[in-house]
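Worksheet for the structure shown next.
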Amino acid sequence: MTPQQTTSTPDPLPDDADATDAADAGNTAAAGDEGLPFVSVVIPVYNDPAGIEATLDSLRRQSFPAARYEVIVVDNGSTDETRDVVRESLGAFDGLQLLVEDEVQGSYAARNAGIAATTGEVIAFVDADMVVDPGWVERVARRMSRTDAEYVGCDVQLFTAGGEGLAAEYNRRNDLHVERFVDELSFAPTCSLVVRRSLLAEVGGFDPRLRSGGDMEFGNRVAASGRSLEYAADVVMYHPTRTTLGALLRKSKRVGRGKTQLRRYYPDRYGSPLLAALNPAAFLPPRPSFMERSVRGWDDLPARKKLAFLVVSYVASLAKAYGQLLEVASPTETGASAGSE
C-alpha cells in the first residue's frame, strides 16, 4: 500500500515507489528497448491545473526513450489556467501535444479526440491528477510486447497528500478494485486502461454521449466481441484520494447518473433506467458482506471506524441512487451523437 504523503500539494510520486522503480527502470533499460511498441498516452483534463501539472511531471521523467512515446493532453473546455499549465510544458517536453475538445463536454469525447491524434500502436489512458513512476511507460510497452493482449487494466493505488481524515481513509481503503472489475464486470476504469490501436479500429472508440459509465460500456463491448480482458498487477499507477465527504458524494452522484445514461442508450444490455432508479434495493444500507469485500482491511478495523465507514458508504449509496433519479428526471445531453466517436 502506498504510504501517505506529507505535502499539501500534489506530489509527483509517492516516495517509496519512486525509489524502487528508479532501480527497476535501470535494470529493464539495460535489456534494451528494441522491438518495443511506440506508446501514446492520452489525458483528458477539465479545470485541473494542479492535477495536470503533477501528471505531466511524472510522465516527463520516464526511463523509456523520449522518442518512443508521446503524451496527448485534451482540454475539455477548461475555463481556468489549465491550458496555460500544459503550454508551459510544451517546450521542455518532447512528444507532448495539447488539443482542445470544447464542442462536446465529456471526458469520453475528449479521449476520442486524443485517440484520433495518436500515432502509437499502444494507447494508454491516464486521468489528470494521477501520477506514474519512472518506469511506467516502459512497463506498459513491455507488457504489450510480450503478450498478445489487446485490452489491459493496470493496477491503481490510492494515496493521500497531507493528513488523512475519515473520508480520505475510506476512499483509500475502498479503492478501485481494478482486478475485480476486469474479472467480474468486464471493464477497467479508463484511468488505468491500455489498449491496442487495432482494437479501437475494430470495435470503435468511447460513446461520447456518456458523461460517466463509458469505461464500462467500452469494456463490455470489447468482451462481447470475444476478446480477453486482462489485468496487469505489475503496471502500477497512483491516484490521489478524495479527501472530503462532498467529493465522495459528487463522484457517487456522477456514477449514478452514468448508470442511468447507460440504461437509456443501451436498455437491451443494462435494463430499464426507470425501473432501476426506482428499485428499493438502491436505498438500503450496505450489507456487511459488501463492506468486507470492498473495504481493504475491514476485519482489522476497530468497531467505531467500521460504524463510521458504514455511514459513509450508505450516504454514498444514497447519492448514487439520487444520481440515477436525477438523470431520469433531467437527462444529460453532451451534444454528441452515437456515431460521433
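The values are calculated or read from the model by the stated rules, or taken from the named source; none is laboratory data. A quick note: this is a predicted structure, and the numbers were derived from the prediction, not measured. Glycine also receives a Cβ, built like all others from the backbone with ideal geometry; neighbour counts cover every protein chain displayed. Just the protein is used for accessible areas: all its heavy atoms, side chains included, with ligands, DNA and RNA removed. Shrake-Rupley method; radii C 1.70, N 1.55, O 1.52, S 1.80 Å.
Checking the structure you have, find out if any residue of the range 147-157 is open to solvent by 30 Å² or more (accessible area, probe 1.4 Å), aliphatic (A, V, I, L, M) and at negative phi.
Looking for residues that are open to solvent by 30 Å² or more (accessible area, probe 1.4 Å), aliphatic (A, V, I, L, M) and at negative phi, one finds none in the range 147-157, hence no.
Which condition number in (1) among the polar types (S, T, N, Q); (2) surrounded by 17 or more Cβ atoms within 10 Å (Cβ to Cβ); (3) within 22 Å of the chain's Cα centre (by Cα) is the one that N47 fails?
(2)
If M216 satisfies every condition in (1) under 28 Å from E53 (Cα atoms); (2) outside any loop (DSSP other than H, G, I, E, B); (3) touching a helix residue (DSSP H, G or I) at 6+ places or on another chain (Cβ under 6 Å) but one, which is the exception?
Failed condition: (3).
What pairs can you find where one residue is in the range 294-309 and farther than 16 Å from L245 by Cα, the other is open to solvent by 100 Å² or more (accessible area, probe 1.4 Å), and their Cβ atoms are less than 8 Å apart, with a gap of 6+ or different chains?
Pairs found: R296/M1; W298/E292; D299/E292.
Identify all residues within the range 293-341 that are touching a Phe, Trp or Tyr at 6+ places or on another chain (Cβ under 8 Å) and open to solvent by 70 Å² or more (accessible area, probe 1.4 Å); write none if there are none.
E341
Conditions: (1) aliphatic (A, V, I, L, M); (2) more than 27 Å from L301 (Cβ to Cβ); (3) open to solvent by 40 Å² or more (accessible area, probe 1.4 Å). L199 meets all but one. Number of the miss?
It fails just one condition, (3).
Could you look through the range 113-146, keep only residues that are among the charged types (D, E, K, R) and open to solvent by 20 Å² or more (accessible area, probe 1.4 Å), and pick out the one that is farthest from G51 (Cα to Cα)?
Applying the first criterion (among the charged types (D, E, K, R)) to the range 113-146 yields 121, 127, 129, 133, 138-139, 142-143, 146.
From the residues that got through so far, the ones that are open to solvent by 20 Å² or more (accessible area, probe 1.4 Å) too are 121, 127, 129, 139, 142-143, 146.
Values: E121: 27, D127: 9, D129: 4, R139: 23, R142: 27, R143: 27, R146: 32 Å.
Checked the range 113-146; the qualifying residue farthest from G51 (Cα to Cα) is R146.
Tell me the helices (runs of 4 or more DSSP H) entirely within the range 272-341 that contain at least 2 residues that are β-branched (V, I, T).
On the way: elements: 273-277, 288-294, 303-329.
It comes to 303-329.
Restricting the search to the range 179-201, which residues are in a helix (DSSP H, G or I), closer than 18 Å to M144 by Cα and touching a residue at least 12 places away in the same chain (Cβ under 8 Å)?
Taking the range 179-201 as the starting set, the residues that turn out to be in a helix (DSSP H, G or I) are 179-185, 190-192, 197-201.
Remaining after also requiring closer than 18 Å to M144 by Cα: 179, 182, 190-192, 197-201.
Listed by number, the residues that qualify are E179, V182, T190, C191, S192, R197, S198, L199, L200.
Just a yes or no: is a residue in the range 229-237 closer than 19 Å to S294 by Cα, touching a residue at least 60 places away in the same chain (Cβ under 8 Å) and open to solvent by 40 Å² or more (accessible area, probe 1.4 Å)?
Yes - at least one qualifying residue is present in the range 229-237.
If you check D102 against the conditions, is it in contact (Cβ under 8 Å) with a residue 24 or more places away in the chain and open to solvent by less than 20 Å² (accessible area, probe 1.4 Å)?
Values: in contact (Cβ under 8 Å) with a residue 24 or more places away in the chain: yes; open to solvent by less than 20 Å² (accessible area, probe 1.4 Å): no.
Criteria not met by D102.
Within the range 103-114, does at least one residue satisfy the condition of being among the β-branched types (V, I, T) and within 18 Å of C191 (Cβ to Cβ)?
First, pick out the residues of the range 103-114 that are among the β-branched types (V, I, T): 104.
In the following step, the residues that additionally are within 18 Å of C191 (Cβ to Cβ) were identified as none.
For the range 103-114, residues among the β-branched types (V, I, T) and within 18 Å of C191 (Cβ to Cβ): absent.
If we scan the range 259-271, do we find a residue that is open to solvent by less than 70 Å² (accessible area, probe 1.4 Å), farther than 17 Å from L176 by Cβ and either out of contact with any helix residue (DSSP H, G or I) (no Cβ under 8 Å at 6 or more places or on another chain) or outside any helix (DSSP H, G or I) (or both)?
Yes, that holds for at least one residue.
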